[in-house]
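We did not get these values from a lab; they are worked out from the coordinates using the rules stated. Being a predicted model, the structure only gives us computed values, none of them experimental. Note: ideal-geometry Cβ built from the backbone for every residue, glycine included; neighbour counts use all protein chains shown.
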Amino acid sequence: MPRRKLGRLTRKNRREAKTRTVTEQHPQCFVITRGNAGPTLSKLMQDFRTVMEPNTASRLRNTKRNSLKDFVAIAATLHVTHLVIFTQTKLGMYLKLCRLPHGPSLIFRINNFAQCKDVLSTIKKQHTNPGMYLMGPCLMTNLQPEEGDLQLQLAAKMFLDMFPTITPHEAKTKSIQRCCLIHFDVEEGVFDFRHYAIQVVPVGLSKAVKKFKKRKLPDLSNFTDVSEFMTKSGMLSESEAEDDPSAQVTVPPSKKASKKLGPQKSSVRLSELGPRLTLQLMKIEEGLLEGKVLYSSLYIKSAEEKLELEKRRRVKKQLKAKRKKEQEENVEAKKKKKEEHKKKCLEGMSSKKENGGKAEAEEEDDDDDDDAQYFREEVGQEPDTDLFQKKDVPLHKRKRTGGKPPRKKLKSK
């Protein structure tokens, strides 16, 4: 029996479910500014968002009213794992890298930076393609999470968790189009951040052959023959002649026509996209921009100072918990008092209605007795039973069930 073909909506739902599971596996991040951020810092923040695309909210808006609790509250539902904050003070600019929801937090000082537009203006041949930002960048770094000092190990772990992991056997070469380079300079103690576009170019092809391969017809009006155009010395660029053999890789053929030729050698080239950042690690905190200071490059505290700070932090935490408990008790007491007051009001209203109904009935009986007694005294006879009996008057008039509505009276002029 032939297999039934899937419908259009079924294929669409399966494709969306597959992309949703892939995005949930990749780490997501928020990139925001806090405090009085000028236009330069805002533009740098926007450039960093383009680096982290598509694993970030590129159109996220934050105002002065938003607090860190707001971002932490929505981070779990959106599968956000990191928070990158750009701040500015009188001393300089800072980048804060936080792990959601409970920390730790790394605080870097931005010593030098260059925006994307400044980097691209220095490049003669810019390699920009919107399709590059459909997949996240890969990470290249000389940091190891199990080597070096403790602060460097923690920084390496944070940087590695920010970017999607790549398995060499399963990853497709076409999907890896960008890379981020984070290099730690041991002598100066700074982190250099760079952003590159990856190009895979076949080895041994001149510019003339590449033009024919791209199906572009060159201008041959200045040449007598096609061979003259192909053998021209200027058609070979200096960068192609200086390719390093270590940068050459073997790429499997993608098209059906090229599969007959077998795998071909290609050279990997990097074209910088920007931005550039030079970061210096200042401080590491245990929580989300609060808590115990694990590392500080400015102040080195003794064991006694650390114990005293730990005691202060513990006392402050206990006072906070005590105030929170008192507030909850006060709220419960107010709710209980409100319910009791409401109950008393309802009981009073019901008793008032009952007493009011009895009093009205007694007053009506007294009125009837007074009328009958007055009749006896004046006439000298006993009144009839139906004479002073109160008839039940309907509360509302009877509605018209049928017939024509009454005519309106017209006023004479």
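General observations
- Across LYS292/LYS324; LYS316/LYS337; LYS12/LYS172, pairs whose alpha-carbon gap is larger than 25 Å: LYS316/LYS337
- Here's how it looks for GLU272: its modeled amide H is under 5 Å from those of ALA197, which are all 5 or more places away or on a different chain.
- Using a Förster distance of 22 Å, the FRET efficiency for HIS341-ALA73 (Cβ separation, nearest 0.05): 0.05
- Across LYS96/LYS174; LYS125/LYS283; LYS43/LYS64, pairs whose alpha-carbon gap is larger than 29 Å: LYS96/LYS174; LYS125/LYS283
- Taking 0.36 nm per residue of sequence separation and removing the Cα-Cα distance, the ARG376/THR165 pair yields an extension gain of 64.9 nm.
- One decimal place: the segment LYS322-VAL200 gains 37.7 nm when fully extended, by the rule 0.36 nm per residue minus the C-alpha distance.
- Residue separation of MET349 and ASP149 scaled by 0.36 nm, minus their Cα-Cα distance, works out to 64.4 nm of gained length.
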